[in-house]
Amino acid sequence: MSQDFSHQDPLLRVEGLTKYYGSRLGCADVSFELWPGEVLAIVGESGSGKTTLLNSLSATLEPTSGKTMYRMRDGQWRNIYDLSEAERRFLFRTDWGFVHQDAAMGLRMGVSAGANVGERLMAVGDRNYGHIRSTALDWLGRVEIAADRIDDQPRSFSGGMRQRLQIARNLVTGPRLVFMDEPTGGLDVSVQARLLDLLRGLVGELGLAAIVVTHDLAVARLLSHRMMVMKDGHVIEAGLTDRVLDDPREPYTQLLVSSILQV
Amino acid sequence: MNAVAQYNFAYLDEQTKRMIRRAILKAIAIPGYQVPFSSREMPMPYGWGTGGVQVTASIIGPDDVLKVIDQGADDTTNAVSIRAFFAKVAQVETTTHTADATIIQTRHRIPEKPLGQGQILVYQVPIPEPLRFLEPRETETRKMHALEEYGLMHVKLYEDIARHGRIATTYAYPVKVEGRYVMDPSPTPKFDNPKMHMSAALQLFGAGREHRIYAVPPYTEVVSLDFEDHPFTIQHFEEPCALCGAEQVYLDEVILDDRGGHMYVCSDTDNCEERRSAGHVGTLGMQEAAE
């Protein structure tokens with residue numbers, strides 16, 4: 001995937017983000033910029049600080065130091081840690097999405113698929129049942145869930161369907177930035193492939209910016225334009241995905257790339 | 001001097017009453033907001049109206065006239081024992097007539113006769129949190145109230161329509177008070193929701209087990225939540241009350257035999273009695289008079 005981002009302003013600007021848990025390091029001095037429509041992968045082994053970084057970026061965690069500037073829809077730059085809680089939650093309902101590894105965390109398992117997709121619409125004030133339902137149907141179609149499953153609870157869905165439902169639920173309000181934490185983790189390979197295909201299509205079609213945390217280099221290769229490699233809380237290498245994967249410079253990245261099992 | 005220790009007036013000690021009155025004042029100042037209060041153990045089990053009894057005990061004075069209803073009836077166990085309780089510990093006059101009462105403690109119903117200025121309706125509330133079954137975390141629901149995030153409430157109504165083709169919630173139907181807080185009107189049938197809107201009476205809600213008090217002051221806007229294309233409606237009954245012939249009132253179904261015989265009677269017993277003494281007769285009321 002290639003795209004020219006040079007003519008636009010970035011969407012997200014991260015400066016010196018550091019998070020300590022007490023005296024233990026979560027992630028240190030991370031800086032980068034993300035442009036609209038760009039997909040950034042954060043890769044690394046478990047414990048390398050990927051999830052800490054993602055949670056800090058999405059304001060789920062308050063970092064120890066550093067700033068994350070976000071360009072709001074009105075064009076103003078705001079540090080997301082300075083937003084009031086009301087603003088932050090509003091941002092999360094409208095302009096942002098978060099796809100969890102475990103779909104049960106991102107879905108309401110006790111209500112139907114249609115209501116799961118419709119919740120964000122109702123949260124921003126849609127009070128027309130017919131409209132909510134038709135939008136939900138449309139989105140279920142886009143994530144390849146059969147229309148006759150709209151009134152079923154996600155409990156009765158397979159892992160892959162739950163994950164696709166979670167994606168629909170997040171994208172229904174047309175967010176500009178989506179955080180994904182291991183979106184394909186725990187799925188078998190054929191389902192993974194289908195999900196990745198779907199995600200790639202949606203990201204391209206909607207012009208979403210996305211930050212994808214994964215330990216699976218194949219996911220990074222397929223989805224992302226750029227990637228950052230993390231180790232022990234530090235970003236040790238960053239660059240275009242193809243460059244990093246085909247020509248890794250750091251010894252650790254070389255190790256990571258050569259560790260992929262070949263069938 | 002009486003050798004036997006006396007109860008303080010209206011059972012609760014004065015400091016407790018002050019504490020509850022403060023909570024009530026705060027609740028009136030912020031319509032629909034659930035004010036925490038330090039609920040006391042009462043000489044009755046939870047679920048029998050300990051919240052309502054504490055509210056009543058804090059506001060009742062020697063000149064008040066108390067009416068207690070349970071499911072609209074004045075003569076059921078809960079109503080009789082609470083009336084007897086206050087007759088004993090506050091020596092107040094009690095009544096079954098809606099118009100004569102200054103304080104009406106209720107479980108499940110709002111009297112059919114419109115309430116007037118100066119009357120206070122006290123509800124016994126089992127679960128004050130309208131979002132409880134949608135979001136189990138209390139910390140989260142409080143935040144949602146604070147930030148006015150009520151989209152989830154409509155998720156419940158959406159589920160109703162998706163499953164039943166209409167909003168199937170018939171009691172504890174969520175309302176929005178004065179355009180701000182979403183409130184659970186306790187398990188009253190939704191039939192009574194419109195009576196809360198712009199009511200001349202003060203409405204107080206006490207949840208004893210849950211330690212919450214909330215209020216709807218007189219002449220306050222109370223709107224039942226709905227969808228544009230599925231508007232709020234109240235229950236409709238096919239036949240009038242079998243005893244007094246009343247229409248446009250909430251009716252209870254009474255099974256008469258094991259062959260499907262049944263009758264509908266007023267849930268509000270006082271309203272029914274008044275109508276019958278005024279000469280209104282329903283289809284089965286005639287027989288009763290003849291016997």
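Considering only DSSP beta bridges with both partners in the protein assembly as shown, what is the antiparallel share in %, to the nearest 5?
For the protein assembly as shown, the DSSP antiparallel bridge percentage is about 55.
Provide B:ASP268, B:ASP252, A:ASP74 in ascending order of the number of other Cβ atoms located within 10 Å of each residue's Cβ, fewest first.
Taking fewest neighbouring Cβ atoms as first place, the list is A:ASP74, B:ASP252, B:ASP268.
Do you know the relative contact order of chain A, to the nearest whole percent, from alpha carbon pairs under 8 angstrom that are 6+ apart?
Values: 470 pairs, mean separation 67.7, N = 263.
About 26 percent, as a whole number.
Top mean-square fluctuation among A:GLU38, A:GLU237, A:GLU250, Gaussian network model of chain A, C-alpha springs under 10 Å?
A:GLU250
For chain B, what are Rg and Dmax over the alpha carbons, in angstrom?
20.0, 69
So how compact is region B:1-108: Cα radius of gyration and Dmax in angstrom?
Here Rg and the maximum Cα pair distance are 14.1, 46 Å.
Give me the net charge for the shell around B:GLU159: Cβ to Cβ below 11 angstrom, other residues only, Lys and Arg +1, Asp and Glu -1. Each step should come with its number before you reach the end.
On the way: positive: A:ARG108, B:LYS156, B:ARG163; negative: A:GLU119, A:ASP151, B:ASP160.
Charge balance in the 11 Å sphere: 0.
Anyone know which of A:LEU107, A:LEU53, A:LEU25 comes out most mobile in the 10 Å Cα GNM of chain A?
Sorting by GNM fluctuation, first place goes to A:LEU25.
Just to compare against my own numbers: the Cα pair-distance distribution for the protein assembly as shown, 10 Å bins, whole % per bin, please.
Reading the bins upward from 0: 3, 15, 20, 18, 15, 12, 9, 5, 2, 0, 0.
Among bridges DSSP assigns within region B:44-183, what percent are antiparallel (round to 5)? Write out the running numbers ahead of the final one.
Working: 4 of 15 bridges.
Looking only at bridges with both residues in region B:44-183, the antiparallel portion is about 25 percent.
May I ask for the percentage of alpha-carbon pairs in region A:70-228 that lie more than 18 Å from each other?
59 percent
Contact order normalised by length for chain B, with contacts defined as Cα pairs under 8 Å and 6 or more residues apart; what percent is it?
20 percent
Rounding to the nearest 10 and keeping the result within 0 to 90°, find how far the Cα-based axis of helix A:113-123 lies from the longest principal axis of chain A.
80 degrees
Arrange B:MET263, A:MET230 by Cβ neighbour counts within 10 Å, fewest through most, would you? Present the calculation step by step, with values, prior to reporting the outcome.
Details: B:MET263 17, A:MET230 25.
So the residues, fewest neighbours to most, are B:MET263, A:MET230.
B:LYS190: which lysines have alpha carbons under 25 Å from its alpha carbon, excluding same-chain residues fewer than 8 sequence positions away?
B:LYS67, B:LYS113, B:LYS156, B:LYS176
Which of B:PRO130, B:PRO45, B:PRO240 moves most in a GNM of chain B, Cα contacts under 10 Å?
Looking only at B:PRO130, B:PRO45, B:PRO240, the largest GNM fluctuation is found for B:PRO45.
How would B:VAL182, A:VAL212 line up from fewest to most surrounding beta-carbon atoms within 10 angstrom?
Listed from fewest to most nearby Cβ atoms, that is B:VAL182, A:VAL212.
Where a number appears in this text, it was derived from the coordinates with a stated rule and is not lab data. None of these values were measured; they are calculated from a predicted model. With ideal geometry, Cβ positions are generated from the backbone for all residues, glycine too; neighbour counts draw on all protein chains shown.
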